[in-house]
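**Q** One structure coming up, written as C-alpha cells, with questions to follow.
Computed from the coordinates by the stated procedures, all read-outs in this text should not be read as laboratory data. No experiment lies behind these values; they were computed from the predicted model shown. Every residue, glycine among them, receives a Cβ derived from its backbone with ideal geometry; neighbour counts consider all protein chains shown.
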Amino acid sequence: RFDDNLRQTPDSIKRQEQWFRDAKFGAFIHFGVYSMLEGEYKGRGSQFRYSEWIQVSAKMSAAEYHEVAKTFNPVDFDADAWAKTFKDAGIRYVVITSKHHDGFALFDSMVSDYNIVDYTPFKRDIIKELSEACHKQGLKFGVYYSHAQDWDEPDAPYLNNRTKRSVLHPDLPADFQPDFDRYLTKKSLPQVEELVKNYDLDLIWFDTPADMTFERAKLFSDMVRKHRPDCLINSRIIHGGKDKILQENLELFDYVSIGDKEVPTRKIPLYVESPDSVSTSFGYKTKGNHHYHTDAEMIHRLVHTICAGGNSLVNNGPMGNGKLDPEAVRIYGVMGEWLKVNGESIYETRRNPLAERPEWGDISVSKDGKSLYLHVLKWPESGSITVNGLTTPATSAAFLANGTKAEFAQEGNGLKIHLPEQPLNKYDTVIKLSFAESVGKN
Ligand code: H79
C-alpha cells in the first residue's frame, strides 16, 4: 500500500509540523442519532460490529430513522466536561463526527434542516460548543465529515451497493437515476464550506471515498484550503483506509489515515494516523457482539502506532444522553496515568530509526535523535534485552518509571541491558537510552 518512494508535498509537511506530528494522541468521537440505539433497533441490527451503522444493519428506511432523530435530546451533554476529561488523559486533539454516513449533522446547517439545531428538541450546536471548549483547554479541534456516503440522500452512492437504495428510500420512482454530483453540489460541498467558514477547525477528517475521483476530491480540498489554509486534511478525501496511495493524490491531503482500528506493524514512509477505538465499535454499543480492549492492549496499540511513525486517534462513543461512556473515560484515565510517567517516550517523538522492530517491544526516538525510548512490552525471561544496529556509543540508560539507571554493555552495533526481575510498569517499562550524537534518522 505504501511505495517507499512516495513523497509528501512541502506544504503538507509544514502543516503537519505545526502541531500534528508532536501531538501523537487524539480523541475520536462518534456521536449522533445512532448513539441512542446502542446497536439495536426493534431487535434488529446488532450483528454489525459498528453501532453507527444501525440504519443499514437494521434496514431502517430514511423515514423510520427520521422518527428516531426527532427524539435525539442529549440533555447531559457538557462540552467543558468532555474537553477536561480528554485534557486530563493527555489527549492533544479531538475529532468529532459532524455528520456520519446517516446524513444527520451535529452542527447548525443552513444547507440542510436535518441537523441537531433544526430537527431535534435539543437545538444546541454540539460542534460549536465542543470546538470552543477544546480550544479553551488548549486542545486542537477537528471534525469528521462523511463527504461521499449519505444514507439520507438518494443521490449519494450506496456502499458499493451492499445496501439497496430501495430499503432506505422505498418511495423512490422505479426509474430513479442517482446523480452523485448533484448530491455533492447540493449538500456535501456546501456543508463542508459551512464547517470551514463557521468553525475554528484545525483538522477535517473525510471518510469512505466511495466513487471519489481526483476531480471530485479536489473540490473538497480546494474548499478547505481556500478558507482555512492551515487546516489538516486526511487521506480519506480520496483513498480508502486499505487503498494503495498514489503520488498524484498527495496534493489533496496532508496525512494518511490507515485502516479502521489498524495498528501499524512496520515503518511507513508517509505520516499516518490510526483511527483506533477503545472498543470493537465506534458508536456507543451495548447490544449484541461488542467488547472493550484491555488496558494493556490500549497502551500497546498506542506505543506500536507511535513507534511506526504516526498518531493514534482513539475513539470513544458517548451515550445518547450526552454523557461520555464511563468505560471509555476509565480507559482514557489509565492511558493518561501511564503518559504522566512515560509521556516523554510518546509526545514529540519520531519513529524507530533502527532497522528492526525488536521482539521484546518497540522503539521511539526523541526529535533530536539522541535518545531512544525502549518500550519493553514483553518482559523477557532471559533477564535482558538487546538493541541491534547501533552506529554510535550509548552514554546512559535509565528507567522512566523511577529514574534509576539501567546497567548496559555495548559491543559494536549491539547493546545489552540487564533488567530487574519484575517490570517497573504493568503495561510497558520504558528505558531511555541516550547518546552523545544522533543515532540517525529513518
Ligand atoms: O466511522 C467509522 C466507520 O463507521 C467508518 N469509518 C470509521 C472511522 C466506516 N465506513 N465504512 N467502513 C467503515 C467500512 C465498512 C465496513 C462494513 Fe460492515 C462492512 C460495514 C458493513 C459491512 C463491518 C462489517 C461492519 C459491519 C459489518
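**Q** From the phi of every residue in segment 53-66, what ³J(HN,Hα) in whole Hz does the Karplus formula 6.51 cos²θ - 1.76 cosθ + 1.60 yield, where θ is phi - 60° and glycine or proline is x?
**A** Ordered by residue, 3J(HN,Hα) equals 9, 4, 4, 7, 5, 9, 6, 8, 6, 4, 4, 5, 5, 4 Hz.
**Q** Under 12 Å from the Cβ of Gly39, count the other residues' Cβ atoms, weight Lys and Arg +1, Asp and Glu -1, and hand me the total.
**A** Working: positive: Arg44, Arg49, Lys285, Lys287; negative: Glu38, Glu40, Glu52.
Result for the local shell: +1.
**Q** Rounded to the nearest 0.05, what FRET efficiency is calculated for Asn73 and Glu344 with R0 set to 56 Å and r the Cβ-Cβ distance? Can you show the working numbers first?
**A** Numbers: r = 43 Å, r/R0 = 0.77.
Using R0 = 56 Å, I get an efficiency of 0.80.
**Q** Give the Rg (one decimal place) followed by the Dmax (whole number) of segment 235-343, computed from C-alpha coordinates and expressed in Å.
**A** For segment 235-343, the Cα-based Rg and Dmax read 15.3, 44 Å.
**Q** Let me ask you something else. For Glu356 and Thr9, calculate 0.36 nm times their separation in residues minus their Cα-Cα distance, and state this gained length in nm to one decimal. Could you put the intermediate results ahead of the total?
**A** Numbers: separation 347, 0.36 × 347 = 124.92 nm, distance 2.75 nm.
Result for the pair: 122.2 nm of gain on full extension.
**Q** Could you give the C-alpha radius of gyration of segment 11-111 expressed as a fraction of 2.2 N^0.38 Å, taking N as the number of residues it contains?
**A** Working: Rg = 16.8 Å, N = 101, 2.2 N^0.38 = 12.7 Å.
It is 1.32.
**Q** Lys and Arg at +1, Asp and Glu at -1: add these up for the other residues within a Cβ distance under 9 Å of His304 and post the number.
**A** On the way: positive: Arg301, Arg357; negative: Asp362.
Residues close to His304 contribute a combined charge of +1.
**Q** Which FRET efficiency value, to the nearest 0.05, is calculated for Lys42 and Glu337 with the Förster distance at 45 angstrom and r the Cβ-Cβ distance? Display every interim value, and only then the final one.
**A** On the way: r = 41 Å, r/R0 = 0.92.
For R0 = 45 Å, the calculated efficiency reads 0.65.
**Q** Taking N as the number of residues in segment 361-435, what is its alpha-carbon radius of gyration divided by 2.2 N^0.38 Å? Please list the in-between numbers first.
**A** Details: Rg = 11.5 Å, N = 75, 2.2 N^0.38 = 11.3 Å.
Compared with the compact-globule rule of thumb, segment 361-435 sits at 1.01.
**Q** Across segment 183-199, in residue order, what do the Karplus-derived ³J(HN,Hα) couplings come to in whole Hz, using 6.51 cos²θ - 1.76 cosθ + 1.60 with θ = phi - 60° and x for Gly and Pro?
**A** Running phi through 6.51 cos²θ - 1.76 cosθ + 1.60 with θ = phi - 60° gives 4, 4, 6, 7, 10, 5, 4, x, 6, 5, 4, 4, 5, 6, 7, 9, 10 Hz.
**Q** Quick one: plug the Kirkwood hydrodynamic radius of segment 314-442 (C-alpha pairs) into Stokes-Einstein at 4 °C, 1.567 mPa s, and report D in µm²/s. Don't skip to the answer; put the middle values down first.
**A** Numbers: Rh = 15.9 Å.
D, rounded to a whole number, is 82 µm²/s.
**Q** Cα centroids of segment 374-417 and segment 169-204: how far apart, whole angstrom?
**A** What the calculation gives is 54 Å, centre to centre.
**Q** I've got another one for you. May I ask you to work out the translational diffusion coefficient for the chain at 37 °C, viscosity 0.692 mPa s, via Stokes-Einstein with Rh from the Kirkwood sum over Cα pairs, reported in whole µm²/s? Mind showing how you got there, number by number?
**A** Numbers: Rh = 22.8 Å.
D, rounded to a whole number, is 144 µm²/s.
**Q** Could I ask something else about it? Sticking to Cα atoms, compute the Rg of segment 170-258 to one decimal and its Dmax as the biggest Cα-Cα distance, whole number, in Å.
**A** Here Rg and the maximum Cα pair distance are 14.3, 45 Å.
**Q** Once you place label points 7 Å from the Cα toward the Cβ at Ala296 and Glu327, how far apart are they in nm?
**A** 1.9
**Q** Something else about it: In segment 207-269, what is the volume of the convex hull around the alpha carbon atoms, normalised per residue and reported in Å³? Can you show the working numbers first?
**A** On the way: hull volume 5.9 nm³, N = 63.
Dividing the Cα hull volume of segment 207-269 by its residues yields 94 Å³.
**Q** Let me ask something else about it. Considering the convex hull of the alpha carbon atoms of segment 1-47, report its projected area averaged over all viewing directions, in nm², one decimal.
**A** Working: hull surface 26.4 nm².
Dividing the Cα hull surface by four gives the mean projection, 6.6 nm².
**Q** For the pair Met110/Lys164, report the inter-label distance in nm, with labels modelled 7 Å from Cα in the Cβ direction.
**A** So the two model labels end up 4.1 nm from each other.
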